[in-house]
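Contents: one structure, followed by commentary.
The values are calculated or read from the model by the stated rules, or taken from the named source; none is laboratory data. Only a predicted model underlies this, so the values are computations on that prediction, with no experimental measurement involved. Cβ coordinates were reconstructed from backbone atoms using ideal geometry, including for glycine residues, and neighbour counts include every protein chain displayed. What goes into the accessible areas is simple: the full protein's heavy atoms, side chains included, and nothing from ligands, DNA or RNA. Shrake-Rupley method; radii C 1.70, N 1.55, O 1.52, S 1.80 Å.
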Amino acid sequence: MRGDIVQILEQWGHLDGAAAGRARAAQAASGERLDLILTRLGLAGEQEVAQALAVVLDLPRVRAADFPAAPLAAERIPARFLRTARALPVAETEAELHLALADPLDTYTLDAIRLLVGKAVRPAVATPSEIDEALDRLYGRGGPDEGGRTQASITGDIERIRELGSDAPAVRAVNDLIERAARERASDIHMEPFDGALRVRFRVDGELREVEAPPASLGPALASRIKVLAGLDVAEHRLPQDGRIRTSVRGHEIDIRVSAVPTLWGEAVVLRLLDRHALPLDLRGLGFAADDAGRLESLLDRPNGILLVTGPTGSGKTTTLYAALARLNRVERKLLTVEDPVEYRLPGVNQVQVRPRIGLDFAAVLRAMLRHDPDIIMVGEIRDGETARIAVQAALTGHLVLSTLHTNDAAGAAPRLLDMGVEPYLLASVLVGVVGQRLVRTLCPSCRAVTPVGDAMARRFRAASGATVGKAAGCPACRGTGYAGRTVIAEVLPVDESVRRLVLERADGPAIAAAARAGGMRSMAEDGFTKACAGTTSLEEVLRAAETG
């Protein structure tokens, strides 16, 4: 060993004294290695940690440029194992194999590969992302016979290797899935056991895509490993369980919501990745057009009332509310939220997670919140009449209340609350505005194309002659989908006198929508068409999102 990794990073200027102290305190409390603590807590990037680790261990530091152009020892080392171990053969002689490792202290992998190749193994240091990208390049993204080997032979090799160390395959498989999902910008990981098979899918830009799964025999071990990380009851396999994991990927922290549900063939597990660093907490960053963002910001400046965000599950409603809270969060204001679950932790905001099993539901928390002298209250969702009535009372007593509601458009919010039992005169006096929204996929910047607007669409949206809209093409950068990322299409409905009158009269959604359009509201479809004309998304995406709910 050549010194201390924290000391080296301090000398190089990659760590300040506070971060170094935090790392050492975490090591003293947990006994974990400093290099792992540094990346898990996001105190240093993986490149800096890898370079310092190479110095400390007196090992070579290899980079992507040093990696081979073709796989080495592919007939002896299963690609599946290399992915799990985060290892890559980079050179070979008659006497030894040079092996790049994300964890050069991983003696399990060194011993296993020494056994497989029958010669000495010389370790070197590389970053996890460099190894992942090289494995994808050299072996492809995986399949049932990765590396040209049969499933039976791969499984047999893995069984031999597994004997070298207890539950290490499950630990590494879980880490690999999480890090790969983060690398591919997945919002969710779905692990689903079936008869003799384990299916793993990532949700990317709202679409599920199947990825290479670990062996089905590892399924129970993977579920148990995830439950341990999430603080769940490992012995309970009969009831659904929910938990949370906080981990670090590529040098920054990620929160993971975990849900385990018993199925016919075992426990299905869904992990939702919540990357706080990737969350744009401003309305324009989420995709709101400048005029809509301005209308919404003026509604947020109201001292009291109810502002609702509507749309189906997965339409980004809670993220919009978080952006609103970020704008409202000032030291002179007290902000309280009640959520199910708390998706992101917001500094300076008092957040409460409901626990219905012990009677801590939305209504109970709301009643308690009113005794805490809040200025602004965010209710994750108005689900029933009692919650709706308490929210109305909170607005009547001088609070600004933000919440979500499941309706297809902004105009449907008032009729929905009236159906829940809110009196029309009360609702008309407190409702200040409604946002309706959906998420649409954005076109890949590397391959997006344009196409003329058809006659029917041109008439529908009163498009200018010769107008074009974005079109998905498909390239390696977007894995052939034509899309990369998502944005909001929205309609912002301020409650003016004409809308308020219709609420008092218990008018239906279409009547309220017509009055709002007359007052200048642009519909979600029109907002989406504008974004399609700008090349942000495609007309197919807009029509899919705006015309379904």
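Among the residues of segment 423-459, count how many are among the hydroxyl-bearing types (Ser, Thr, Tyr) and not in a strand (DSSP E or B).
3
Collect the residues in segment 404-429 that are over 24 Å from ASP527 (Cα atoms), in contact with a Leu (Cβ under 6 Å, 6 or more places away or on another chain) and open to solvent by less than 10 Å² (accessible area, probe 1.4 Å), keeping them in residue-number order.
Scanning segment 404-429 gives LEU417, LEU427, ALA428.
Given the residues ILE382, ILE377, which is the only one that is open to solvent by less than 20 Å² (accessible area, probe 1.4 Å), assigned to a strand (DSSP E or B) and within 18 Å of LEU426 (Cβ to Cβ)?
After applying the criteria, what remains is ILE377.
Check ALA102, ALA23, ALA70 and return the single one that is at pLDDT 85 or above, small (Gly, Ala, Ser) and buried (at least 17 other Cβ atoms within 10 Å of the Cβ).
ALA102
So which helices (runs of 4 or more DSSP H) are wholly in segment 271-354 and hold at least 1 residues that are open to solvent by 30 Å² or more (accessible area, probe 1.4 Å), under 21 Å from GLU253 (Cα atoms) and of a type in the set (Ser, Thr, Tyr)?
The helices (runs of 4 or more DSSP H) meeting that bar are 317-328.
Yes/no per residue for (1) over 27 Å from THR310 (Cα atoms); (2) open to solvent by less than 20 Å² (accessible area, probe 1.4 Å); (3) modelled with pLDDT of 95 or more:
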| site | (1), (2), (3) |
| --- | --- |
| GLY454 | yes, no, no |
| ARG462 | no, no, no |
| ALA467 | yes, no, no |
| ALA473 | yes, no, no |
| ARG486 | no, no, no |
| VAL495 | no, yes, yes |
| LEU504 | no, no, yes |
| ALA514 | no, no, yes |
| GLY549 | no, no, no |
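For the condition touching a strand residue (DSSP E or B) at 6+ places or on another chain (Cβ under 7 Å) and over 26 Å from ARG333 (Cβ atoms), what is the one hit in PRO415, PRO452, PRO424?
Going through PRO415, PRO452, PRO424 in turn, the sole match is PRO452.
Going through segment 526-540 one residue at a time, which ones are surrounded by fewer than 19 Cβ atoms within 10 Å (Cβ to Cβ) and more than 12 Å from LYS471 (Cα to Cα)?
Of everything in segment 526-540, those that are surrounded by fewer than 19 Cβ atoms within 10 Å (Cβ to Cβ) and more than 12 Å from LYS471 (Cα to Cα) turn out to be GLU526, THR530.
So which of ASP275, ASP205 is of a type in the set (Asp, Glu), within 13 Å of the chain's Cα centre (by Cα) and on the phi > 0 side of the Ramachandran plot?
ASP205
Let me confirm something: among GLU210, GLU192, which residue is open to solvent by 20 Å² or more (accessible area, probe 1.4 Å), touching a residue at least 40 places away in the same chain (Cβ under 8 Å) and either within 18 Å of ILE254 (Cβ to Cβ) or of a type in the set (Asp, Glu) (or both)?
Just a single option satisfies the conditions, and that option is GLU192.
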